[in-house]
Amino acid sequence: MSRFVDIRTRRRQRGAVLYVALIILILLSLIGIVGMRVSGMQERMSANYMRTNQAFQLAERDARVVEANIQAAIDGASGNYSADQEVCSPVFDPLTWAEGVTATAATYTRRIDKCFAASSLKLGEKQSEQTGNIYEVTVLSSDDPANASATAVIDTIFIP
């Protein structure tokens, strides 16, 4: 009798392990697919961050080069630097300018010291309408000049 019960129990349990194993295999496959998609997304995000950071660093470098050129021209024999825009009008918007640029790298320099009334920074001295040379330097740069995938625009104020 005990043998008969044992056979009956075995017959009822046939295939149950197979179903459990298949469900576990499906769950592990889904976890693996989700893990691959997450890691792929993180890789794309980090590559995008690298390209954006590289474009920013190149724009920063180009802005410093323009500032050095301004300083060299002012310190040079002529003592003058000719900016792209020497007058206050029309109003300059860096974003509008950057959207109109088709090159992968560009600079725009605007002299702004005559656009506002200011005074000398020295206390107790006579106020002056001339503030010296103050320049707005706007630079657009891309991560790769041949195949740009990220661009950055920097707008700085430079007082030599």
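Some observations on this one:
- Qualifying residue in region 24-37 (condition: of a type in the set (Lys, Arg) and more than 17 Å from the chain's Cα centre (by Cα)): yes
- Hits in region 75-89 - residues which are open to solvent by less than 50 Å² (accessible area, probe 1.4 Å) and not in a loop (DSSP other than H, G, I, E, B): Gln85
- When Ile157 is tested against the conditions (1) open to solvent by 90 Å² or more (accessible area, probe 1.4 Å); (2) in contact with an Asp or Glu (Cβ under 7 Å, 6 or more places away or on another chain); (3) at pLDDT below 90, the lone failure is (3).
- Residue count for region 9-68, restricted to those that are in a helix (DSSP H, G or I) and open to solvent by less than 80 Å² (accessible area, probe 1.4 Å): 25
The values are calculated or read from the model by the stated rules, or taken from the named source; none is laboratory data. What you see is a predicted model; the values in this text were computed from it and never measured. Counting neighbours? That spans all protein chains shown, and the Cβs are built from the backbone with ideal geometry, glycine included. Note: areas computed on protein heavy atoms with side chains; ligands, DNA, RNA excluded. Shrake-Rupley method; radii C 1.70, N 1.55, O 1.52, S 1.80 Å.
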